[in-house]
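Below: one structure, written as structure tokens.
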Amino acid sequence: GKPPTKKAKVLQKQPLVAKLAAYAQYQATLQNQAKTKAAVPVEGFSWGNYINSNSFTAAPVTCFKHAPMGTCWGDIAEGVRVEVPNTDCSLPTKVFWIAGIVKLAGYNALLRYEGFENDSSLDFWCNICGSDIHPVGWCATSGKPLVPPRTIQHKYTNWKAFLVKRLTGAKTLPPDFSQKVSESMQYPFKTSMRVEVVDKTHLCRTRVAVVESVIGGRLRLVYEESEDKTDDFWCHMYSPLIHHIGWSRSIGHRFKRSDITKKQDGHFDAPPHLFMKVKEVDAAGEWFKEGMKLEAIDPLNLSAICVATIRKVLADGYLMIGIDGSEAADGSDWFCYHATSPSIFPVGFCEINMIELTPPRGYAKLPFKWFDYLRETDSIAAPVKLFNKEVPNHGFHVGMKLEAVDLMEPRLVCVATVTRIIHRLLRIHFDGWEDEYDQWVDCESPDLYPVGWCQLTGYQLQPPAPQSSRDSQSSSSKQKKKAKSQQYKGHKKMTSLQLKEELLDGEDYSFLQGTSDQESNGSASYYIKQEP
């Protein structure tokens with residue numbers, strides 16, 4: 001609604017237009033879905049073909065504890081046998097046959113019918129959690145016919161003996177598998193529940209929002225004053241950005257009072273036990289203090305780790321953090337991180353791990369040196385020992401494929417790749433997009449999902465950016481690189497709609513492919529240097 005500024009050119013940027021178009025498509029499919037109730041696949045994109053034709057590997061389901069089956073996936077792996085519909089047959093009724101998993105990619109399995117040996121001509125991909133996949137023995141107990149595929153019908157006369165021989169000692173799905181799948185897809189958050197969530201226009205405060213829909217554990221929240229229900233925010237139910245009603249007041253966080261004084265009919269407060277718990281901290285001894293310096297992921301530009309300052313210490317271990325050099329005078333872009341957050345780091349973290357640290361905007365003395373900066377600003381670094389040094393054994397490796405939320409546009413879930421691993425920090429690259437759109441994300445983030453999650457939950461998946469939008473994207477960033485003056489002026493802050501226009505250029509990153517696996521786990525070299 002504001003008059004256009006020079007920044008309004010953002011929309012000419014092809015990728016953004018492509019994303020908005022994709023979102024319009026998503027809305028249209030949602031409308032259709034409401035009518036048909038069937039998941040509409042993205043036209044032309046298939047994870048199976050994408051993985052096969054490039055021999056990619058996907059992150060295993062066990063890497064995603066918050067996703068359906070993430071904690072009870074068991075030993076489903078290559079070689080496991082299942083009963084599936086037999087499509088290679090001319091019978092009028094639905095019949096089944098046994099197939100073995102040839103390859104696993106997230107929830108998706110490449111299956112080969114039993115008896116095809118090394119012939120891959122009829123191999124097919126399907127979602128293991130789908131309703132048509134059953135443990136071996138299911139047909140027998142439910143009286144369904146097991147019929148061998150037509151292509152191999154002539155190979156054996158005694159199919160019973162053949163199956164007994166092939167299946168003795170083989171593994172199959174646990175008998176309660178489909179029950180477990182449906183249990184793991186029950187979500188405690190219900191529509192009409194009220195929560196407190198970060199105000200996307202002023203990160204420093206929270207507002208009341210109401211759960212409008214729940215898909216796969218992701219909540220579409222509508223801010224309470226939104227008349228037409230379009231002012232919304234998407235996040236996962238385990239997101240650190242949502243809290244129970246009364247949370248802000250209890251820890252001293254800024255809160256935008258709602259003009260609506262009484263609850264609307266049918267709306268009720270979400271019970272506090274549904275929200276993600278943060279670790280208890282002991283703030284009694286040595287603790288974070290106002291003015292201490294640190295490094296933090298910029299919440300408005302997740303591609304960058306920036307020089308930051310603790311602006312305010314709240315209760316229960318929460319901290320308000322400002323990014324140096326680009327703060328609004330009124331503190332409206334301070335951001336709340338918990339002391340145990342994996343998105344804040346001690347001074348020197350980037351240097352030790354060879355990550356580009358974004359200096360304060362307008363800071364002239366480059367290359368940036370913490371030692372000099374602390375002296376010039378007469379400040380001290382937050383003590384290393386106060387930061388979270390736990391590194392879970394997460395199981396991610398560089399090159400693995402997954403489905404990841406674009407946190408700058410959090411209603412979109414995109415085809416993505418892990419391109420770098422620093423202890424527990426993952427660099428997520430969106431396939432088909434420039435590196436400047438990459439995002440630093442924690443390995444336990446609830447915004448990462450296994451391949452096949454969108455299909456399983458009925459959410460729309462954004463395919464890799466097509467070549468056409470990629471070309472205009474790279475030509476625009478080439479012009480940008482030419483236009484770059486020698487002096488680094490720092491990236492500008494953006495509202496979530498100015499999106500990723502001015503993120504760091506891809507050339508600023510040296511991806512250390514070689515060292516990634518040692519980096520992935522174990523915190524031996526996490527912080528070598530003490531703070532200056």
Intensity falloff of the stretch 292-386 expressed as log10 I(q)/I(0), Debye formula with alpha-carbon point scatterers, at q = 0.15, 0.18, 0.19 Å⁻¹: -0.54, -0.80, -0.90
Amide H partners (placed H, <5 Å) of Glu225, local residues excluded: none
Backbone HN-Hα couplings from phi across the stretch 85-95 [Karplus 6.51/-1.76/1.60, Hz, Gly and Pro as x]: x, 8, 8, 8, 6, 10, 6, x, 9, 6, 10
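Place the peptides 288-298, 269-279 in order of packing, highest mean first, counting for every residue the other Cβ atoms within 10 Å and averaging per peptide.
Ranked from most to least packed, the peptides come out as 288-298, 269-279.
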Difference of contour (0.36 nm per residue) and Cα-Cα distance, Phe162 to Lys65: 31.0 nm
DSSP-defined antiparallel bridges as percent of all bridges, the stretch 193-274, nearest 5: 85
Å² of accessible area per residue within the stretch 400-462, as computed with a 1.4 Å probe and no ligands counted: 16
Of all accessible heavy-atom area on the stretch 76-173, the percent that carbon and sulfur account for (1.4 Å): 55
The stretch 116-162: C-alpha pair distances exceeding 16 Å, %: 57
Fraction of the pair-distance distribution of the stretch 400-462 above 15 Å, Cα-Cα pairs, percent: 43
Cut-off under 5 Å, modelled amide H: who pairs with Leu111 long-range: Val102, Phe124, Trp125, Cys126
Radius of gyration and Dmax over the Cα atoms of the stretch 76-173, both given in Å: 12.6, 37
Volume of the Cα convex hull of the stretch 339-445, divided per residue and given in Å³: 136
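The values are calculated or read from the model by the stated rules, or taken from the named source; none is laboratory data. These numbers were taken from a predicted model, which means no experiment stands behind them. For neighbour counting, all protein chains shown are included, and Cβ atoms are generated from backbone atoms with ideal geometry for every residue, glycine included. Only protein heavy atoms, including side chains, enter the accessible area calculation; ligands, DNA and RNA are left aside. Shrake-Rupley method; radii C 1.70, N 1.55, O 1.52, S 1.80 Å.
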